[in-house]
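The values are calculated or read from the model by the stated rules, or taken from the named source; none is laboratory data. Values in this document were obtained by computation on a predicted structure and should not be read as measured data. Please note: Cβ atoms are built from the backbone with ideal geometry, for glycine as well, and neighbour counts cover all protein chains shown. Side chains are part of the model used for accessible areas, which takes the heavy atoms of the whole protein and leaves out ligands, DNA and RNA. Shrake-Rupley method; radii C 1.70, N 1.55, O 1.52, S 1.80 Å.
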Amino acid sequence: MGKVAVAFAAVAPVCSNSLHPIIAVVCWIALTDCFYFRREKGTYYALHLGGTYFRILRVHLGAQRSYLDVQDVERHPIPSHLMNSTSEVLFNFLAFSLERFIEKEENGSDSQGVKRELAFTFSYPLKHTSISSGVLIKWTKGFEISEMVGKEIAECLQDALDRRGLNMHVAALVNDTVGALSLGYYHDPDTVVAVVFGTGSNACYLERTDAIIKCQGLLTTSGSMVVNMEWGNFWSSHLPRTSYDTDLDAESSNSNDMGFEKMISGMYLGDIVRRVILRMSQESDVFGPTTSVLSEPYVLSTNSVSAMHEDDTPELLEVARILKDLGVPDVPLKVRKLVVKVCDVVTRRAGRLAAAGIAGILKKIGRDGSGGITSGRSRGEIQMQKRTVVAVEGGLYMNYVMFREYMEEALVEILGEEVSQYVVVKAMEDGSSIGSALLVASLQS
(Lines give C-alpha, C1' and ligand atoms only; values in the text may rest on other atoms or scores of the structure.)
Protein backbone atom coordinates (compact mmCIF):
# COMPACT_ATOMS: atom_id res chain seq x y z
CA MET A 1 0.00 0.00 0.00
CA GLY A 2 2.90 2.36 0.62
CA LYS A 3 3.96 2.20 -3.04
CA VAL A 4 0.43 3.03 -4.17
CA ALA A 5 0.29 6.04 -1.86
CA VAL A 6 3.63 7.29 -3.12
CA ALA A 7 2.48 6.85 -6.71
CA PHE A 8 -0.56 8.96 -5.99
CA ALA A 9 1.43 11.61 -4.21
CA ALA A 10 4.02 11.89 -6.91
CA VAL A 11 1.75 11.76 -9.92
CA ALA A 12 -1.95 12.30 -9.42
CA PRO A 13 -2.33 15.88 -8.23
CA VAL A 14 0.43 17.46 -10.26
CA CYS A 15 0.78 15.69 -13.60
CA SER A 16 -2.04 16.21 -16.07
CA ASN A 17 -0.94 13.25 -18.17
CA SER A 18 -1.65 10.84 -15.35
CA LEU A 19 -5.27 11.82 -15.06
CA HIS A 20 -6.04 12.59 -18.70
CA PRO A 21 -6.52 16.25 -19.70
CA ILE A 22 -9.48 16.20 -17.30
CA ILE A 23 -7.37 17.23 -14.34
CA ALA A 24 -7.66 20.95 -14.10
CA VAL A 25 -8.24 23.76 -11.75
CA VAL A 26 -11.93 23.21 -11.96
CA CYS A 27 -13.11 26.39 -10.36
CA TRP A 28 -13.01 29.99 -11.41
CA ILE A 29 -10.93 32.28 -9.21
CA ALA A 30 -14.02 33.34 -7.29
CA LEU A 31 -14.80 29.83 -6.14
CA THR A 32 -12.00 29.39 -3.65
CA ASP A 33 -12.73 32.81 -2.24
CA CYS A 34 -16.30 31.60 -1.76
CA PHE A 35 -15.00 29.31 0.96
CA TYR A 36 -14.45 32.35 3.12
CA PHE A 37 -18.08 32.51 4.14
CA ARG A 38 -19.36 35.70 5.67
CA ARG A 39 -22.97 36.37 6.71
CA GLU A 40 -24.92 34.72 3.91
CA LYS A 41 -28.67 34.65 4.19
CA GLY A 42 -31.64 33.76 2.04
CA THR A 43 -33.06 30.69 0.33
CA TYR A 44 -31.10 28.80 -2.33
CA TYR A 45 -31.61 25.65 -4.35
CA ALA A 46 -29.46 22.80 -5.55
CA LEU A 47 -29.89 20.16 -8.22
CA HIS A 48 -27.39 17.31 -8.15
CA LEU A 49 -27.04 14.94 -11.11
CA GLY A 50 -25.09 11.99 -9.75
CA GLY A 51 -24.45 8.51 -11.07
CA THR A 52 -27.46 6.64 -9.69
CA TYR A 53 -29.68 9.35 -8.20
CA PHE A 54 -30.51 12.98 -8.73
CA ARG A 55 -31.29 15.23 -5.78
CA ILE A 56 -33.15 18.49 -5.36
CA LEU A 57 -33.06 20.48 -2.14
CA ARG A 58 -33.63 23.90 -0.69
CA VAL A 59 -31.30 25.54 1.80
CA HIS A 60 -32.23 28.48 4.01
CA LEU A 61 -29.49 30.55 5.62
CA GLY A 62 -29.84 33.04 8.43
CA ALA A 63 -27.52 36.00 8.91
CA GLN A 64 -25.69 34.05 11.60
CA ARG A 65 -23.19 31.53 10.23
CA SER A 66 -24.50 28.80 12.49
CA TYR A 67 -28.00 28.96 10.99
CA LEU A 68 -28.25 26.47 8.13
CA ASP A 69 -31.62 24.88 7.48
CA VAL A 70 -31.75 22.17 4.82
CA GLN A 71 -35.33 21.83 3.63
CA ASP A 72 -37.32 19.43 1.46
CA VAL A 73 -34.61 17.10 0.21
CA GLU A 74 -35.84 14.94 -2.67
CA ARG A 75 -33.81 11.99 -3.93
CA HIS A 76 -34.89 10.01 -6.99
CA PRO A 77 -33.30 7.26 -9.12
CA ILE A 78 -32.16 8.42 -12.54
CA PRO A 79 -34.43 6.65 -15.07
CA SER A 80 -32.17 4.31 -17.05
CA HIS A 81 -33.52 5.44 -20.43
CA LEU A 82 -32.19 8.96 -19.81
CA MET A 83 -28.60 7.73 -19.69
CA ASN A 84 -28.46 7.14 -23.45
CA SER A 85 -31.14 9.57 -24.61
CA THR A 86 -30.44 13.13 -25.82
CA SER A 87 -29.39 16.31 -24.07
CA GLU A 88 -32.84 17.82 -24.64
CA VAL A 89 -34.62 14.81 -23.12
CA LEU A 90 -32.30 14.73 -20.11
CA PHE A 91 -32.52 18.42 -19.29
CA ASN A 92 -36.25 18.62 -19.96
CA PHE A 93 -36.67 15.87 -17.38
CA LEU A 94 -34.52 17.72 -14.84
CA ALA A 95 -36.40 20.98 -15.46
CA PHE A 96 -39.74 19.19 -15.04
CA SER A 97 -38.52 17.69 -11.75
CA LEU A 98 -37.50 21.15 -10.52
CA GLU A 99 -40.90 22.51 -11.56
CA ARG A 100 -42.69 19.88 -9.48
CA PHE A 101 -40.41 20.62 -6.52
CA ILE A 102 -41.24 24.33 -6.74
CA GLU A 103 -44.96 23.69 -7.10
CA LYS A 104 -44.93 21.84 -3.79
CA GLU A 105 -43.13 24.77 -2.19
CA GLU A 106 -45.58 27.32 -3.58
CA ASN A 107 -48.68 25.58 -2.23
CA GLY A 108 -49.83 27.79 0.60
CA SER A 109 -46.93 30.24 0.28
CA ASP A 110 -46.40 33.69 -1.14
CA SER A 111 -43.30 32.79 -3.15
CA GLN A 112 -44.90 32.90 -6.62
CA GLY A 113 -42.94 35.05 -9.01
CA VAL A 114 -39.78 35.03 -6.90
CA LYS A 115 -36.57 34.46 -8.84
CA ARG A 116 -34.71 31.49 -7.45
CA GLU A 117 -30.94 30.99 -7.49
CA LEU A 118 -29.86 27.44 -8.32
CA ALA A 119 -26.61 25.53 -7.91
CA PHE A 120 -26.16 22.72 -10.43
CA THR A 121 -23.99 19.98 -8.94
CA PHE A 122 -22.65 17.96 -11.86
CA SER A 123 -20.66 14.80 -11.10
CA TYR A 124 -18.90 14.48 -14.45
CA PRO A 125 -15.65 15.83 -15.94
CA LEU A 126 -15.93 19.42 -17.12
CA LYS A 127 -13.74 22.13 -18.49
CA HIS A 128 -14.84 25.10 -16.43
CA THR A 129 -14.91 28.51 -18.07
CA SER A 130 -16.49 30.43 -15.18
CA ILE A 131 -18.21 29.82 -11.86
CA SER A 132 -21.46 29.12 -13.72
CA SER A 133 -20.31 27.61 -17.00
CA GLY A 134 -18.37 24.66 -18.30
CA VAL A 135 -18.34 22.18 -21.16
CA LEU A 136 -18.60 18.42 -20.78
CA ILE A 137 -15.32 16.61 -21.45
CA LYS A 138 -16.77 13.11 -21.28
CA TRP A 139 -19.38 11.00 -19.54
CA THR A 140 -18.64 8.42 -16.83
CA LYS A 141 -20.77 6.19 -14.56
CA GLY A 142 -22.83 4.73 -17.40
CA PHE A 143 -24.06 7.89 -19.17
CA GLU A 144 -23.62 7.69 -22.95
CA ILE A 145 -25.17 10.83 -24.49
CA SER A 146 -22.36 11.43 -26.95
CA GLU A 147 -23.82 14.56 -28.55
CA MET A 148 -23.47 16.38 -25.23
CA VAL A 149 -19.67 16.16 -25.17
CA GLY A 150 -18.35 19.68 -25.74
CA LYS A 151 -21.67 21.32 -24.85
CA GLU A 152 -22.09 24.05 -22.23
CA ILE A 153 -23.82 22.21 -19.40
CA ALA A 154 -25.30 25.08 -17.36
CA GLU A 155 -26.65 26.60 -20.55
CA CYS A 156 -28.43 23.33 -21.41
CA LEU A 157 -30.14 23.36 -18.00
CA GLN A 158 -30.95 27.08 -18.16
CA ASP A 159 -32.56 26.66 -21.59
CA ALA A 160 -34.70 23.79 -20.28
CA LEU A 161 -35.79 25.88 -17.28
CA ASP A 162 -36.66 28.78 -19.57
CA ARG A 163 -38.71 26.50 -21.83
CA ARG A 164 -40.82 25.55 -18.83
CA GLY A 165 -41.22 29.18 -17.80
CA LEU A 166 -39.39 28.72 -14.49
CA ASN A 167 -38.03 31.89 -12.93
CA MET A 168 -34.81 30.19 -11.87
CA HIS A 169 -31.19 31.15 -12.56
CA VAL A 170 -28.33 28.63 -12.75
CA ALA A 171 -25.88 30.63 -10.67
CA ALA A 172 -23.13 28.02 -10.22
CA LEU A 173 -21.95 24.83 -11.88
CA VAL A 174 -20.13 22.77 -9.28
CA ASN A 175 -18.42 19.38 -9.17
CA ASP A 176 -19.78 17.17 -6.39
CA THR A 177 -16.44 16.97 -4.59
CA VAL A 178 -16.15 20.76 -4.57
CA GLY A 179 -19.65 21.00 -3.09
CA ALA A 180 -18.68 18.56 -0.33
CA LEU A 181 -15.50 20.54 0.34
CA SER A 182 -17.56 23.71 0.58
CA LEU A 183 -19.90 22.27 3.21
CA GLY A 184 -16.98 20.78 5.11
CA TYR A 185 -15.20 24.14 5.15
CA TYR A 186 -18.40 25.93 6.19
CA HIS A 187 -18.57 23.79 9.32
CA ASP A 188 -14.83 23.37 9.89
CA PRO A 189 -12.14 25.60 8.28
CA ASP A 190 -9.59 22.78 8.68
CA THR A 191 -11.31 20.93 5.82
CA VAL A 192 -8.86 20.80 2.90
CA VAL A 193 -9.83 17.59 1.07
CA ALA A 194 -13.14 16.16 -0.09
CA VAL A 195 -13.73 12.71 -1.55
CA VAL A 196 -16.82 11.06 -3.00
CA PHE A 197 -17.28 7.29 -2.90
CA GLY A 198 -20.57 6.50 -4.59
CA THR A 199 -21.50 5.12 -7.98
CA GLY A 200 -18.21 6.67 -9.10
CA SER A 201 -15.35 8.23 -7.18
CA ASN A 202 -13.51 11.54 -7.25
CA ALA A 203 -11.56 13.89 -5.00
CA CYS A 204 -10.63 17.53 -4.74
CA TYR A 205 -8.37 19.52 -2.45
CA LEU A 206 -7.18 23.01 -1.61
CA GLU A 207 -3.85 23.80 -3.22
CA ARG A 208 -1.58 26.83 -3.12
CA THR A 209 -2.09 28.76 -6.34
CA ASP A 210 1.66 29.07 -6.90
CA ALA A 211 1.93 25.26 -6.87
CA ILE A 212 -0.46 24.88 -9.81
CA ILE A 213 1.41 25.00 -13.11
CA LYS A 214 -1.66 26.10 -15.05
CA CYS A 215 -2.19 29.06 -12.72
CA GLN A 216 1.28 30.48 -12.28
CA GLY A 217 1.03 34.26 -12.07
CA LEU A 218 -2.68 34.10 -11.25
CA LEU A 219 -3.65 35.79 -7.98
CA THR A 220 -6.48 34.88 -5.66
CA THR A 221 -7.52 36.62 -2.47
CA SER A 222 -6.78 33.51 -0.43
CA GLY A 223 -3.64 32.44 -2.28
CA SER A 224 -5.14 29.00 -2.84
CA MET A 225 -7.50 27.28 -5.23
CA VAL A 226 -9.64 24.17 -5.39
CA VAL A 227 -8.30 21.43 -7.66
CA ASN A 228 -10.73 18.81 -8.94
CA MET A 229 -8.55 15.77 -9.52
CA GLU A 230 -10.96 13.52 -11.41
CA TRP A 231 -8.96 10.77 -9.78
CA GLY A 232 -11.19 8.03 -11.16
CA ASN A 233 -9.00 8.17 -14.27
CA PHE A 234 -5.77 7.66 -12.32
CA TRP A 235 -3.60 4.75 -13.36
CA SER A 236 -0.31 3.37 -12.08
CA SER A 237 1.58 0.12 -12.54
CA HIS A 238 1.56 -0.16 -8.75
CA LEU A 239 -2.21 -0.71 -8.68
CA PRO A 240 -3.00 -4.37 -7.96
CA ARG A 241 -4.97 -5.11 -11.12
CA THR A 242 -6.27 -8.64 -11.67
CA SER A 243 -7.70 -10.52 -14.64
CA TYR A 244 -11.16 -9.68 -13.32
CA ASP A 245 -10.36 -5.96 -13.55
CA THR A 246 -8.93 -6.41 -17.04
CA ASP A 247 -12.01 -8.27 -18.28
CA LEU A 248 -14.41 -5.78 -16.67
CA ASP A 249 -12.58 -2.89 -18.31
CA ALA A 250 -12.44 -4.55 -21.74
CA GLU A 251 -16.19 -5.22 -21.71
CA SER A 252 -17.19 -1.80 -20.38
CA SER A 253 -18.48 1.10 -22.48
CA ASN A 254 -15.39 3.15 -21.55
CA SER A 255 -12.55 0.64 -21.83
CA ASN A 256 -9.03 1.88 -21.06
CA ASP A 257 -10.60 4.69 -19.07
CA MET A 258 -11.43 5.38 -15.39
CA GLY A 259 -9.15 2.55 -14.24
CA PHE A 260 -8.95 3.61 -10.59
CA GLU A 261 -12.69 4.22 -10.36
CA LYS A 262 -13.34 0.70 -11.63
CA MET A 263 -11.42 -0.72 -8.68
CA ILE A 264 -12.98 1.31 -5.87
CA SER A 265 -16.45 2.61 -6.74
CA GLY A 266 -19.98 1.37 -6.21
CA MET A 267 -20.77 0.92 -9.88
CA TYR A 268 -18.12 -1.77 -10.30
CA LEU A 269 -17.47 -3.64 -7.03
CA GLY A 270 -20.55 -5.82 -7.46
CA ASP A 271 -19.50 -6.86 -10.93
CA ILE A 272 -15.98 -7.75 -9.80
CA VAL A 273 -17.49 -10.07 -7.19
CA ARG A 274 -19.86 -11.52 -9.81
CA ARG A 275 -16.93 -12.27 -12.13
CA VAL A 276 -15.07 -14.10 -9.37
CA ILE A 277 -18.13 -16.21 -8.50
CA LEU A 278 -18.76 -16.91 -12.19
CA ARG A 279 -15.23 -18.19 -12.74
CA MET A 280 -15.45 -20.32 -9.63
CA SER A 281 -18.65 -21.86 -10.96
CA GLN A 282 -17.02 -22.51 -14.35
CA GLU A 283 -13.83 -24.04 -13.01
CA SER A 284 -15.30 -26.16 -10.22
CA ASP A 285 -18.55 -27.73 -9.15
CA VAL A 286 -18.56 -25.92 -5.82
CA PHE A 287 -21.84 -24.13 -6.67
CA GLY A 288 -23.48 -27.06 -8.40
CA PRO A 289 -25.67 -26.34 -11.45
CA THR A 290 -26.10 -22.65 -12.29
CA THR A 291 -28.17 -20.64 -14.76
CA SER A 292 -27.19 -17.97 -17.28
CA VAL A 293 -28.20 -15.17 -14.88
CA LEU A 294 -24.74 -15.14 -13.33
CA SER A 295 -23.24 -14.36 -16.75
CA GLU A 296 -25.13 -11.05 -17.07
CA PRO A 297 -22.86 -8.02 -16.47
CA TYR A 298 -23.81 -5.88 -13.47
CA VAL A 299 -26.58 -8.26 -12.41
CA LEU A 300 -24.98 -8.27 -8.93
CA SER A 301 -25.12 -4.80 -7.38
CA THR A 302 -22.71 -3.47 -4.80
CA ASN A 303 -25.69 -3.09 -2.45
CA SER A 304 -26.15 -6.87 -2.68
CA VAL A 305 -22.43 -7.40 -2.05
CA SER A 306 -22.73 -5.25 1.05
CA ALA A 307 -25.78 -7.24 2.20
CA MET A 308 -23.91 -10.54 1.78
CA HIS A 309 -20.71 -9.22 3.33
CA GLU A 310 -22.52 -7.93 6.40
CA ASP A 311 -24.95 -10.87 6.77
CA ASP A 312 -24.80 -11.77 10.46
CA THR A 313 -27.33 -14.61 10.46
CA PRO A 314 -25.87 -17.97 11.57
CA GLU A 315 -26.93 -19.66 8.31
CA LEU A 316 -26.07 -16.67 6.09
CA LEU A 317 -29.65 -16.54 4.86
CA GLU A 318 -29.20 -13.24 3.01
CA VAL A 319 -26.26 -14.72 1.11
CA ALA A 320 -28.41 -17.72 0.17
CA ARG A 321 -31.26 -15.48 -1.01
CA ILE A 322 -29.05 -13.32 -3.21
CA LEU A 323 -27.28 -16.32 -4.72
CA LYS A 324 -30.66 -17.87 -5.52
CA ASP A 325 -31.61 -14.67 -7.36
CA LEU A 326 -28.40 -15.11 -9.36
CA GLY A 327 -29.44 -18.59 -10.43
CA VAL A 328 -27.27 -20.35 -7.85
CA PRO A 329 -29.76 -22.16 -5.56
CA ASP A 330 -29.18 -24.62 -2.73
CA VAL A 331 -25.66 -23.48 -1.88
CA PRO A 332 -24.25 -25.16 1.25
CA LEU A 333 -23.17 -23.04 4.19
CA LYS A 334 -19.45 -23.55 3.63
CA VAL A 335 -19.80 -22.18 0.09
CA ARG A 336 -21.85 -19.23 1.34
CA LYS A 337 -18.96 -18.47 3.68
CA LEU A 338 -16.63 -18.61 0.69
CA VAL A 339 -18.79 -16.03 -1.12
CA VAL A 340 -18.61 -13.74 1.92
CA LYS A 341 -14.83 -14.08 1.78
CA VAL A 342 -14.84 -13.03 -1.88
CA CYS A 343 -16.92 -9.96 -0.95
CA ASP A 344 -14.45 -9.21 1.82
CA VAL A 345 -11.36 -9.44 -0.38
CA VAL A 346 -12.80 -7.21 -3.11
CA THR A 347 -14.10 -4.63 -0.64
CA ARG A 348 -10.95 -4.62 1.45
CA ARG A 349 -8.86 -3.94 -1.63
CA ALA A 350 -11.18 -1.08 -2.62
CA GLY A 351 -11.06 0.47 0.86
CA ARG A 352 -7.28 0.28 1.03
CA LEU A 353 -6.82 1.77 -2.43
CA ALA A 354 -9.24 4.57 -1.48
CA ALA A 355 -7.14 5.26 1.62
CA ALA A 356 -3.96 5.32 -0.48
CA GLY A 357 -5.54 7.98 -2.68
CA ILE A 358 -6.39 10.16 0.30
CA ALA A 359 -2.91 9.65 1.76
CA GLY A 360 -1.39 10.70 -1.56
CA ILE A 361 -3.27 14.00 -1.47
CA LEU A 362 -2.21 14.61 2.13
CA LYS A 363 1.39 13.92 1.15
CA LYS A 364 1.18 16.39 -1.73
CA ILE A 365 -0.01 19.22 0.52
CA GLY A 366 2.25 18.36 3.44
CA ARG A 367 -0.44 17.03 5.76
CA ASP A 368 1.01 13.51 6.12
CA GLY A 369 3.84 14.54 8.43
CA SER A 370 6.37 14.92 5.61
CA GLY A 371 5.80 18.59 4.79
CA GLY A 372 4.89 17.94 1.15
CA ILE A 373 6.44 15.88 -1.63
CA THR A 374 8.74 18.68 -2.72
CA SER A 375 9.92 19.79 0.70
CA GLY A 376 12.87 17.41 0.95
CA ARG A 377 12.22 16.93 4.65
CA SER A 378 11.90 13.59 6.38
CA ARG A 379 8.97 12.79 8.61
CA GLY A 380 11.19 12.88 11.67
CA GLU A 381 12.03 16.53 11.05
CA ILE A 382 8.45 17.72 11.28
CA GLN A 383 7.80 19.34 14.65
CA MET A 384 4.08 20.00 14.32
CA GLN A 385 1.26 18.44 12.28
CA LYS A 386 -1.73 20.58 11.36
CA ARG A 387 -5.21 19.32 12.10
CA THR A 388 -6.64 18.17 8.78
CA VAL A 389 -10.26 17.35 7.94
CA VAL A 390 -11.21 15.14 4.99
CA ALA A 391 -14.86 15.47 4.00
CA VAL A 392 -16.30 12.24 2.58
CA GLU A 393 -19.67 11.54 1.04
CA GLY A 394 -21.34 9.09 -1.31
CA GLY A 395 -23.56 6.05 -0.90
CA LEU A 396 -20.70 3.53 -0.91
CA TYR A 397 -19.00 5.23 2.03
CA MET A 398 -22.19 6.10 3.90
CA ASN A 399 -23.94 2.73 3.53
CA TYR A 400 -21.26 0.06 3.22
CA VAL A 401 -19.87 -0.25 6.74
CA MET A 402 -17.04 -2.64 5.88
CA PHE A 403 -15.77 -0.47 3.03
CA ARG A 404 -15.72 2.51 5.38
CA GLU A 405 -13.91 0.59 8.11
CA TYR A 406 -11.29 -0.81 5.76
CA MET A 407 -10.62 2.61 4.29
CA GLU A 408 -10.22 4.30 7.66
CA GLU A 409 -8.11 1.44 9.01
CA ALA A 410 -5.76 1.63 6.03
CA LEU A 411 -5.46 5.41 6.29
CA VAL A 412 -4.16 5.03 9.85
CA GLU A 413 -1.81 2.28 8.68
CA ILE A 414 -0.36 4.41 5.88
CA LEU A 415 -0.03 7.65 7.86
CA GLY A 416 1.01 6.05 11.12
CA GLU A 417 -0.56 6.46 14.54
CA GLU A 418 1.22 9.73 15.33
CA VAL A 419 0.12 11.59 12.20
CA SER A 420 -3.31 10.01 11.80
CA GLN A 421 -4.49 11.42 15.13
CA TYR A 422 -4.47 14.85 13.43
CA VAL A 423 -6.46 13.64 10.40
CA VAL A 424 -10.24 13.67 10.85
CA VAL A 425 -12.51 11.95 8.34
CA LYS A 426 -15.98 13.51 8.40
CA ALA A 427 -19.08 12.14 6.68
CA MET A 428 -21.02 14.76 4.69
CA GLU A 429 -24.50 13.45 3.90
CA ASP A 430 -25.85 15.36 0.87
CA GLY A 431 -22.73 17.50 1.27
CA SER A 432 -22.20 18.03 -2.44
CA SER A 433 -25.69 19.48 -2.92
CA ILE A 434 -25.80 21.55 0.27
CA GLY A 435 -22.26 22.84 -0.27
CA SER A 436 -23.06 23.89 -3.83
CA ALA A 437 -26.04 25.89 -2.55
CA LEU A 438 -23.71 27.55 -0.02
CA LEU A 439 -21.42 28.62 -2.85
CA VAL A 440 -24.35 30.27 -4.62
CA ALA A 441 -25.27 32.04 -1.38
CA SER A 442 -21.74 33.37 -1.01
CA LEU A 443 -21.84 34.73 -4.56
CA GLN A 444 -25.04 36.62 -3.80
CA SER A 445 -23.92 38.13 -0.50
Practice task
Determine whether segment 289-296 contains at least one residue that is modelled with pLDDT of 95 or more, closer than 22 Å to residue 243 by Cβ, assigned to a loop (DSSP other than H, G, I, E, B) and open to solvent by 50 Å² or more (accessible area, probe 1.4 Å).
Solution key: yes
Fill in the blank from the handout: Restricting attention to segment 224-280, the residues that are within 19 Å of residue 302 (Cα to Cα), aromatic (Phe, Trp, Tyr) and either open to solvent by 20 Å² or more (accessible area, probe 1.4 Å) or in a loop (DSSP other than H, G, I, E, B) (or both) number exactly 2
Completion exercise
Expected single match for open to solvent by 40 Å² or more (accessible area, probe 1.4 Å), without any contact (Cβ under 8 Å) to a residue 60 or more places away in the chain and β-branched (Val, Ile, Thr) among 412, 401, 419 is 412
Exercise for the section: Considering only segment 386-398, state which residues are surrounded by 24 or more Cβ atoms within 10 Å (Cβ to Cβ) and part of a helix (DSSP H, G or I). Expected result: 396, 397
Practice task
Would you tally the residues in segment 110-146 being open to solvent by 30 Å² or more (accessible area, probe 1.4 Å), at pLDDT below 90 and more than 19 Å from residue 46 (Cβ to Cβ)?
Solution key: 7
Practice task
Restrict the check to segment 371-385 and report whether at least one residue is closer than 30 Å to residue 117 by Cβ, modelled with pLDDT under 95 and open to solvent by less than 20 Å² (accessible area, probe 1.4 Å).
Solution key: no
Problem - Test: residue in segment 166-189 that is among the acidic types (Asp, Glu), at negative phi, surrounded by fewer than 16 Cβ atoms within 10 Å (Cβ to Cβ) and in contact (Cβ under 8 Å) with a residue 24 or more places away in the chain - result: yes
Practice task
Could you run through segment 308-317 and say how many residues are buried (at least 18 other Cβ atoms within 10 Å of the Cβ) and either in a helix (DSSP H, G or I) or not acidic (Asp, Glu) (or both)?
Solution key: 3
Practice task
Determine, yes or no, whether residue 257 is modelled with pLDDT of 95 or more and touching a helix residue (DSSP H, G or I) at 6+ places or on another chain (Cβ under 7 Å).
Solution key: no
Completion exercise
Per the list (1) surrounded by 18 or more Cβ atoms within 10 Å (Cβ to Cβ); (2) out of contact with any Lys or Arg (no Cβ under 8 Å at 6 or more places or on another chain); (3) farther than 30 Å from residue 425 by Cβ, residue check on residue 323 breaks on (2)
